[in-house]
Structures are given as C-alpha cells and as structure tokens.
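As structure tokens, the structure follows; a few thoughts come after it.
The values are calculated or read from the model by the stated rules, or taken from the named source; none is laboratory data. Just so you know, these numbers come straight off a predicted model, no measurement behind them. Counting neighbours? That spans all protein chains shown, and the Cβs are built from the backbone with ideal geometry, glycine included.
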Amino acid sequence: KDLVPWVINQYKNGAEVASLCIGAFLLASTGLLNGKKCSTHWNSANEFRTMFPGIELVDGSIITEEHGLYSSGGANSYWNLLLYLVEKYTNRATAILAAKFFAIEIDRDSQSAFMMFNGQRGHEDEDIKKAQDFIEKNFQNKLTVDQLADRFAMGRRSFERRFKKATNNTVVEYIQRVKMEAAKRSFETSRKNINEVMYDVGYTDTKAFRTIFKKITGLTPIEYRNKYNKQAVVA
C-alpha cells in the first residue's frame with residue numbers, strides 16, 4: 001500500500017520509472033500509465049487488459065517508453081531495457097560494448113517469437129466461446145466471417161462486434177492466430193517443409209502464409225523452424 005504513492009511521488013519529483021515483466025501491473029496500479037503504452041509478459045496480456053483497460057498494451061513489444069515511464073516484456077527482456085537505457089544515457093558504443101560483454105542480443109525489440117496463443121477465454125459470452133471452439137477444431141479448413149456468423153445464427157456485424165469485445169481480436173485475427181499457432185507447433189516438432197505445414201493449417205497462398213506468420217511471430221517460417229527445431233535443421 002505504501003509503495004504505490006511512493007512511486008507516484010518519485011515520478012512527480014522528476015524520477016523516471018521502469019517496470020520489468022509483470023512489474024507492469026504495479027506500475028499500472030499507480031495510474032501513471034493511463035492513456036499511455038505499456039508492455040508486460042505475453043502470458044499476462046489478457047489479464048492486464050482486463051484490469052487496466054485505459055492503458056494501451058503493446059502486444060509482443062520488448063520495450064516501451066513514454067514520458068519517463070518504461071516497461072519491458074517477459075522475464076529476460078529486462079536486459080534489453082537495460083541496454084536501451086545505457087544507450088540513451090551514454091552512447092551507442094557503450095551499449096554495444098555492454099551487449100558483447102554480457103552476451104546479449106542488442107536491438108531485440110519483440111517477444112512475438114516466444115508467445116503462445118491460448119485463446120482469450122476470460123469472458124462470459126457463451127456463443128462466442130462456441131465460435132472459438134469451432135475455429136480451434138477446424139483451423140485446417142478455410143473459415144470465413146460470414147460462414148461463422150451463419151453457423152452461430154448471428155448477423156455478421158453483430159458477430160464481429162461481440163467477438164471483438166469478448167476476445168480483443170477481430171474474427172479474422174483470431175483465425176490467423178489459431179492457424180499460426182498450429183503452424184508453430186508443427187515447425188517445432190516435425191520435419192515437414194514449409195509448404196506441407198502451410199497446407200496443413202489451411203493456406204494455399206505461400207506469400208500470404210509467410211506474411212501472416214512473420215507478422216505474428218516476428219520471424220519467417222524458415223527462421224522459426226531453424227530456431228526451434230534442431231532436427232529439422234540437421235535434416
């Protein structure tokens with residue numbers, strides 16, 4: 001109880017404040033982040049949005065900075081925040097030296113490659129939960145918004161509005177994320193090539209698949225497979 005007003009007072013007196021990982025919850029509790037951007041561990045993103053709807057949580061971001069308030073993503077991302085601050089308050093050369101000394105990848109700005117999509121279930125819209133179940137069980141097929149709206153007896157606009165409100169994703173975004181999560185698991189555990197995985201998750205357009213995969217993970221399909229599947233690389 002004493003810590004929150006102390007942090008607020010320090011900030012008002014000119015201090016800059018940084019949160020590490022889920023420390024963003026404490027920083028958000030001060031009210032200082034209202035209307036501003038913030039990052040936290042990807043696995044706590046849904047809970048954070050529910051608790052602090054007035055804060056713009058930046059999905060997958062490693063570091064945010066706004067008006068002397070800093071935040072970092074999951075766990076070891078604090079190293080990247082420290083390097084960011086070293087560069088800001090000294091210079092680029094010093095930051096590079098520190099990165100080399102501590103064997104840290106400098107300029108890593110995304111935790112997207114580490115994120116696992118589990119579906120946003122912390123809501124009470126049962127019809128939307130049924131739609132989520134259907135998407136997750138039929139991701140290998142071509143799914144459209146109109147098809148899903150008809151299946152669950154809703155008008156398209158009403159379905160899209162309720163889906164976005166419940167999951168914080170549009171219907172199309174949710175379908176894409178479910179498909180890409182399945183693709184990630186396949187790249188991690190099998191020796192299938194890019195096209196085989198693409199077809200398995202319901203894509204026939206190679207360019208579209210690669211574009212969406214990189215948008216969600218921050219890596220190309222080949223980069224992701226090489227990073228997380230040593231057997232596939234050897235093969």
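Here are some notes:
- Condition check for Arg121: surrounded by 15 or more Cβ atoms within 10 Å (Cβ to Cβ), at pLDDT below 90 and assigned to a loop (DSSP other than H, G, I, E, B): no
- Residues of the stretch 155-181 classified as closer than 13 Å to Leu143 by Cβ, among the hydrophobic types (A, V, I, L, M, F, W, C) and within 19 Å of the chain's Cα centre (by Cα), total: 5
- Failed criterion for Phe102 (all others in (1) surrounded by fewer than 20 Cβ atoms within 10 Å (Cβ to Cβ); (2) aromatic (Phe, Trp, Tyr); (3) modelled with pLDDT of 90 or more hold): (3)
- Only one of the numbered conditions (1) more than 21 Å from Ala45 (Cβ to Cβ); (2) of a type in the set (Gly, Ala, Ser); (3) part of a helix (DSSP H, G or I) is not met by Ala182, and that is (1).
- Taking the stretch 1-112 as the region of interest, the helices (runs of 4 or more DSSP H) fully inside it that hold 2 or more residues being more than 29 Å from Lys214 (Cα to Cα) and either free of Cβ contacts under 8 Å to residues at least 60 places away in the same chain or assigned by TED's automatic domain parsing to the domain that holds Arg177 (or both) are 3-12, 24-29, 78-89, 92-101.
- Cβ-Cβ distances below 9 Å connect the following pairs, each with a first residue in the stretch 191-216 that is under 29 Å from Val58 (Cβ atoms), a second residue that is small (Gly, Ala, Ser) and outside any helix (DSSP H, G or I), and a separation of six or more residues or different chains: Val197/Ser190; Ile216/Gly60.
- Cβ separations smaller than 7 Å between residues 6+ apart or across chains give the following pairs from the stretch 140-164 residues that are outside the structural domain of Arg49 (by TED's automatic domain parsing) and in contact (Cβ under 8 Å) with a residue 40 or more places away in the chain to residues that are surrounded by 13 or more Cβ atoms within 10 Å (Cβ to Cβ) and not hydrophobic (A, V, I, L, M, F, W, C): Gln140/Asp200; Gln140/Gly202; Asn141/Gly202; Lys142/Gly202.
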